[in-house]
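Notes to accompany the following structure.
The values are calculated or read from the model by the stated rules, or taken from the named source; none is laboratory data. In this text the structure is predicted, and so the values were computed from the model without any measurement. Using ideal geometry, Cβ is built from the backbone for each residue, glycine included, and neighbour counts are taken over all protein chains shown.
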Amino acid sequence: MKIALLGQPNSGKSTIFNHVAGYKAVTSNFPGKTVKYETTKFKLFDQLVELVDLPGTYSLTSFDLAELEARKYLLNNNIDVVVNVLDASLLSRSLELTLQLLELRLPMVVCLNMIDEAERKGIRIDIQKLSEILGVPVVSTVALKGKGVKELFSVANQTGMAKKPGKELKFSKDVEDIVSQLSFQIKDEKFKSKPNTPRRFLALKYLENDNYFIENIKTSDKKNLKKIEYFQNLLEESHGRHSDVVISSERHHLSMNIYESVVMLQKPHKSLIDYLDNVLMHSFFGYIFLGLIMFLFFNTVFGIGQMIEEPLLDYLYRLIPLVENNINSATLLFSIISGIIQGLAGGIAIVLPYLFPFLFGLAVLEDLGYLPRIAFLLDAFLHKIGLHGKAIIPFMLGYGCTVPAILATRILESERDRFIASVLSTMIPCAARMTIIFALVAFYISPQAALTIYILNLIVIVVSGKVLSSLLPEVTPGMILEIPAYHIPSIKVVLAKTWLRMKEFIFVAWPLIIVGSTLLSLLQYFKLDTIINQFFSPLTLLLGLPIVVGTTLVFGILRKELSMLMLVQAIGTSDVISVMSATQIMTYTIFIIFYIPCIATIAVLWREIGSKRTLFTMAFTFSIAVALGVITRFIY
Amino acid sequence: MTMTLDAIKENQKVKVIRVSGGWGIRQRLGCLGIHPGDMITIKKSAIMRGPILINIHGNQVALGRGIASRIFVEVIV
């Protein structure tokens, strides 16, 4: 049994998916976070079920990358049943996709998710009646609380076994006549690209001038293209609108009719959260609150981190003399053991104390639904660097980790915007680089100095954005972004998400850090580090840094936090300030923030923007890092 | 009188007359429930020619000025 979850963005598909899969797909309260599909297998009534979580799809007629991906999946895989997830509080609009799915003639279940939110808004839905009209089972759920999910899958299972598609809902007569004439032609001719694509569905896509299907016909079958154009013109002439508008208006009217016959509107229950936007999106207070929220956020993260880092670091570094008492410090064994201890200690004491509160806070902001509000507030500013408001979403995620940030650039419409946003995302200090800023600069110099780095970073990003957009002078398409209702974050989901992101550090980065510091110990033991340091000495001298930090720069490409942890090891003390001056710490940190993205980022860039542009990004960020490093050296 | 959506003041209610623009914009706006004949309330207008926030079929949508200027509407009094 193969079940696919499909629905409009932010309707709760991933939340339902996570319910059966464990927390595997990242959920947030903004439209478009699932950019590629996730699958899981689970047992349902002794039957193995494969569940696919497809990216949010407004419509099956689209130009959007993620949406096309979802449609391709639906058409090319043998899906037993589609679970169409709807945000019940947006029923009228969501039904338009449901109608398109019915056109596909696949067995289907409609899931009215967030039914509690709909009722709060005063929307009471007659589920029985809706099910009769559509000819498919309808189940209501509150996925965030897990309500109704079990029933949903049991109904989906039955529907999949019965293999019965829903009703074919017809448009108004004059339009339907043209549609059926074209479907009839499709039956006669061989212009069906796939044998099991329903004729009416194909006819509609042709009439809607859907790029993919029209291109297909253009290359394979010029004669039939003429026929399609004939019917398109027929619709346009009789309705005085583009043929795609005629079809989408038909669906719109049909869904409005269904909506009106199944919904009883009641008085909405207003709560405090409905008034939140009056301040958070206010044209003056909105910005004050944005500044305040960001300041509080970073301050809290630093406060918590510092409170834990200091005692923990002291405690763990006391282990080294302990080992020294038992093993001769000149032996290879000692080198290895002390390398392992330093790697372990660095992970526990330096990185985790900042990483956890940061990721936790970011998850809260995401689930609350604050990110789209930031996009609204900052749209005008982002236009100044040639992007639009939605670009703020990858940027915000970039403060967590650059890899998901680059994937999130897919929510931008134009290729140029995606490229610029990707390059700029690599310069945003991710959580790994944040730990460097906090644990080195804020800890040894001052929190103000750390703040200066963040401000400098923003300035550099703005200037780089200006440079890149003037090199690629294309107008960004305007922003179209849904601003979802606020959701009170569920502590369970927030913790699960924080854990999912921490796992990346614990299971991927940390072992790498331990291996890295052991390797450095070995290099030092065999005096090989001096060769590497010598090789990088032109760079370190230029930046005015101690020659021993050369090796750490190489390791920083593997993982950014690695360079800091190895710095401690390379200079031979955890009291960095006794060896490096404040200027050197500043220079080092600024250089590390900007120079060449880490290896995981390079890999994802390569896939998303191609090899040439990735190499450009590496060269671009490296030159910025060197320039800023040298400037810092002389002016700080 | 027909105006473009970006010229409408906060808290006014309008009816969509038509959307001028290519296939992509028509489709995307249609998906969000913006078709000729639909009612829109303008909730907020950001500073510095920033986006406008509208209420459409009980949902909030932010539209950049450029997009808003392609939506022709009629003010409902």
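Within the group A:393, A:336, which residue is aliphatic (A, V, I, L, M) and within 30 Å of residue A:30 (Cβ to Cβ)?
Exactly one of A:393, A:336 is aliphatic (A, V, I, L, M) and within 30 Å of residue A:30 (Cβ to Cβ), namely A:393.
Going by the conditions given, is residue A:280 at pLDDT 90 or above and not assigned by TED's automatic domain parsing to the domain that holds residue A:487?
It is true that residue A:280 is at pLDDT 90 or above and not assigned by TED's automatic domain parsing to the domain that holds residue A:487.
Which members of the stretch B:61-70 meet the condition of being assigned to a loop (DSSP other than H, G, I, E, B) and either facing chain A (nearest Cβ under 7 Å) or small (Gly, Ala, Ser) (or both)?
B:64, B:69
Does the stretch B:11-29 contain at least one residue that is part of a strand (DSSP E or B), at pLDDT below 90 and polar (S, T, N, Q)?
Scanning the stretch B:11-29, I find no residue that is part of a strand (DSSP E or B), at pLDDT below 90 and polar (S, T, N, Q), so the answer is no.
Taking the stretch B:1-19, which residues are within 13 Å of chain A (Cβ to nearest Cβ) and either in contact with a helix residue (DSSP H, G or I) (Cβ under 7 Å, 6 or more places away or on another chain) or surrounded by 12 or more Cβ atoms within 10 Å (Cβ to Cβ) (or both)?
B:4, B:5, B:6, B:10, B:16, B:17, B:18, B:19
Mind listing whichever residues of the stretch A:50-65 are within 13 Å of chain B (Cβ to nearest Cβ), under 20 Å from the mean Cα position of the chain (by Cα) and not polar (S, T, N, Q)?
Within the stretch A:50-65, A:56, A:58, A:63, A:64, A:65 meet the criteria.
Given the conditions (1) touching a residue at least 40 places away in the same chain (Cβ under 8 Å); (2) not in a helix (DSSP H, G or I), which single one is not true for residue A:371?
If we test residue A:371 against (1) touching a residue at least 40 places away in the same chain (Cβ under 8 Å); (2) not in a helix (DSSP H, G or I), just (2) comes out false.
Could you look through the stretch A:70-87, keep only residues that are of a type outside the set (Lys, Arg) and within 14 Å of chain B (Cβ to nearest Cβ), and pick out the one that is surrounded by the most Cβ atoms within 10 Å (Cβ to Cβ)?
Filtering first and then ranking leaves A:86.
Against the condition more than 20 Å from residue A:304 (Cβ to Cβ), assigned to a helix (DSSP H, G or I) and either within 14 Å of another protein chain (Cβ to nearest Cβ) or of a type in the set (Lys, Arg) (or both), how does residue A:334 come out, does it pass?
So residue A:334 does not fit the description; no.
Being in contact with a Lys or Arg (Cβ under 7 Å, 6 or more places away or on another chain) and farther than 23 Å from residue A:73 by Cβ is the requirement here; does residue A:144 meet it?
Considered against the rule, which asks whether it is in contact with a Lys or Arg (Cβ under 7 Å, 6 or more places away or on another chain) and farther than 23 Å from residue A:73 by Cβ, residue A:144 comes out as no.
Search the stretch A:412-454 for residues being among the acidic types (Asp, Glu) and touching a residue at least 24 places away in the same chain (Cβ under 8 Å), and hand back the single one that is farthest from residue A:472 (Cα to Cα).
A:413
Are any of the residues in the stretch A:49-58 out of contact with any Lys or Arg (no Cβ under 8 Å at 6 or more places or on another chain) and outside the structural domain of residue A:368 (by TED's automatic domain parsing)?
no
Please list, ordered by residue number, the helices (runs of 4 or more DSSP H) wholly in the stretch A:173-262 having 3 or more residues that are away from chain B (no Cβ under 14 Å) and farther than 30 Å from residue A:122 by Cα.
Those helices (runs of 4 or more DSSP H) span A:173-188, A:199-207, A:211-220, A:222-239.
Residues checked against (1) within 14 Å of chain B (Cβ to nearest Cβ); (2) in contact with a helix residue (DSSP H, G or I) (Cβ under 8 Å, 6 or more places away or on another chain):
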site: A:89; (1), (2): yes, yes
site: A:102; (1), (2): no, yes
site: A:111; (1), (2): no, yes
site: A:115; (1), (2): no, yes
site: A:129; (1), (2): no, yes
site: A:152; (1), (2): no, yes
site: A:155; (1), (2): no, no
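Give the stretch B:30-60 a look and list any residue that's closer than 22 Å to residue A:250 by Cβ, within 7 Å of chain A (Cβ to nearest Cβ) and outside any loop (DSSP other than H, G, I, E, B), or say none.
B:30, B:31, B:59
Confirm whether residue A:118 is farther than 30 Å from residue A:409 by Cα, under 27 Å from the mean Cα position of the chain (by Cα) and part of a helix (DSSP H, G or I).
Taking the combined requirement at face value, the residue satisfies it.
Which condition breaks for residue A:446 when tested against (1) buried (at least 16 other Cβ atoms within 10 Å of the Cβ); (2) away from chain B (no Cβ under 14 Å)?
All conditions pass for residue A:446, except number (1).
Return a yes/no flag: does the stretch A:292-313 have any residue that is of a type outside the set (A, V, I, L, M), more than 13 Å from every other protein chain (Cβ to nearest Cβ), more than 21 Å from residue A:360 (Cβ to Cβ) and out of contact with any strand residue (DSSP E or B) (no Cβ under 6 Å at 6 or more places or on another chain).
no
Considering each residue of the stretch A:581-612, count those that are more than 23 Å from the chain's Cα centre (by Cα), touching a residue at least 24 places away in the same chain (Cβ under 8 Å) and surrounded by fewer than 20 Cβ atoms within 10 Å (Cβ to Cβ), and give that number.
Result for the stretch A:581-612: 2.
Looking at A:135, A:122, A:148, A:160, which one is surrounded by fewer than 22 Cβ atoms within 10 Å (Cβ to Cβ) and within 27 Å of residue A:23 (Cβ to Cβ)?
From the options A:135, A:122, A:148, A:160, the qualifying one is A:148.
Which numbered condition trips up residue A:395, out of (1) surrounded by fewer than 19 Cβ atoms within 10 Å (Cβ to Cβ); (2) out of contact with any Phe, Trp or Tyr (no Cβ under 6 Å at 6 or more places or on another chain); (3) of a type in the set (A, V, I, L, M, F, W, C)?
Residue A:395 satisfies all of (1) surrounded by fewer than 19 Cβ atoms within 10 Å (Cβ to Cβ); (2) out of contact with any Phe, Trp or Tyr (no Cβ under 6 Å at 6 or more places or on another chain); (3) of a type in the set (A, V, I, L, M, F, W, C) except (1).
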